[in-house]
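I have placed the structure first, in the form of structure tokens, so that the comments after it can refer back to it.
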Amino acid sequence: MITQRAQTMVAEAIAIATEISMGSLESIHFLIAMTGERVSIPGLVLDQNGVDKDGLRSVIGSVGREDVGTLRDEIFSVAKQLGHTYPGPEHFLLAICRGKNWNGAIALRALGIDPQKIEHEVYEVLGTWIQ
């Protein structure tokens, strides 16, 4: 089970993957979906760092394909570490930023943005830092 906000974000990510014709849902699609959500922690942090849909879409061709099966496990692990019962969009962003090889993290680096900086800023907003 994930939060309602996360369910909405996943639906948007699926629509983006379909529109782009990539065939499978990948971490970059989650990032693109997060940029449209200005009232969420991920949307705010990404916006503050200059990450937008157009920028992410411009680097899609330069990132490799991935299997998001283990991303799901990392999302739930992040939520559990924070003491949260259900993952929300912030857990998705944290999981993507932690994985050096996720194409979402690779896309951030291609845009000149350090995923660890994004991760740190999300934790600052949450008021928690997990070692």
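Quick test of your reading of the structure: E12 fulfils all but one of (1) at pLDDT below 90; (2) over 22 Å from H120 (Cβ atoms). Name the failing condition by number. E12 satisfies all of (1) at pLDDT below 90; (2) over 22 Å from H120 (Cβ atoms) except (1).
Can you tell which of P115, P89 is in contact with a Leu (Cβ under 6 Å, 6 or more places away or on another chain) and either within 19 Å of M1 (Cα to Cα) or free of Cβ contacts under 8 Å to residues at least 40 places away in the same chain (or both)? Every option except P115 fails the conditions. Considering each residue of the stretch 78-131, count those that are among the basic types (K, R) and in a loop (DSSP other than H, G, I, E, B), and give that number. Going through the stretch 78-131 one residue at a time, the tally reaches 1.
Considering the conditions (1) out of contact with any helix residue (DSSP H, G or I) (no Cβ under 6 Å at 6 or more places or on another chain); (2) farther than 18 Å from R5 by Cβ; (3) modelled with pLDDT of 85 or more; (4) of a type in the set (D, E, K, R), E74 is excluded by exactly one of them, (1). One residue stands out among those in the stretch 32-62 that are in a loop (DSSP other than H, G, I, E, B) and out of contact with any helix residue (DSSP H, G or I) (no Cβ under 7 Å at 6 or more places or on another chain): the one that is surrounded by the fewest Cβ atoms within 10 Å (Cβ to Cβ), which is V39. For R65, the test of being more than 18 Å from Y123 (Cα to Cα), basic (K, R), assigned to a helix (DSSP H, G or I) and touching a helix residue (DSSP H, G or I) at 6+ places or on another chain (Cβ under 8 Å) is failed.
Here the condition is being at pLDDT below 95, in contact with a helix residue (DSSP H, G or I) (Cβ under 7 Å, 6 or more places away or on another chain) and among the small types (G, A, S); of G127, G99, it holds for G99 alone.
The values are calculated or read from the model by the stated rules, or taken from the named source; none is laboratory data. This one's a predicted model, so the numbers in the text were calculated from it and none came from an experiment. Here the Cβ is made from the backbone with ideal geometry for all residues, glycine too, and neighbour counts use every protein chain on show.
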